[in-house]
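Rule-based calculations on the coordinates, nothing more; no lab input. Just so you know, these numbers come straight off a predicted model, no measurement behind them. Virtual Cβ from ideal backbone geometry, glycine too; neighbours counted across all protein chains shown.
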Amino acid sequence: QVQLVESGGGLVQAGGSLRLSCAASGRTFSSYVMAWFRRAPGKAREFVALIRMSGGSTMYAHPVSGRFTISRDNAKNTVYLQMNSLKPEDTAVYYCAAGVAFDGRVENYQTWGQGTQVTVSS
């Protein structure tokens, strides 16, 4: 089994930046794709970004394209989400997830972290 732990969330003003981290442990060799999702207050969970752990190919949701960057450090079994030009609508609990396919659909992911809160004030 894979265990995921997110960190790096916090409160930031609009236009600011944060970097989230997701540390993976356990049977990480089976986690071919890592992704970030978020759940805003009163809304459903939505896809943010994903990365293929071998090769580093990425995919982004339209609302964050050009502002967020997903990256990974395979030696540290860690995935990052650099968030720039943050907007109040980015406020959400951010979750990392491990899956198999290069796909942003939630059903592709078997393991989830507990989440880290990101709050963007105006």
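Of note:
- Mean Cα-pair separation over length for the chain, i.e. relative contact order, pairs under 8 Å, 6 or more apart, %: 36 percent
- Think of each Lys and Arg Cβ as +1 and each Asp and Glu Cβ as -1; about the Cα centre, that makes the dipole of the chain roughly 60 debye.
- Spatial offset of the stretch 97-122 relative to the stretch 44-71 amounts to 10 Å, using the alpha carbon center of each.
- Top positive-direction residue, dipole computed over the stretch 1-54 with Cβ charges, set 11, 51, 23: 51
- Qualifying trypsin sites (Lys or Arg not before Pro) in the stretch 68-122, DSSP loop, other Cβ atoms within 10 Å at most 10: 105
- The eigenvalues of the Cα gyration tensor, multiplied by 5 and square-rooted, give the stretch 19-85 an equivalent ellipsoid with semi-axes of 21, 14, 11 Å from largest to smallest.
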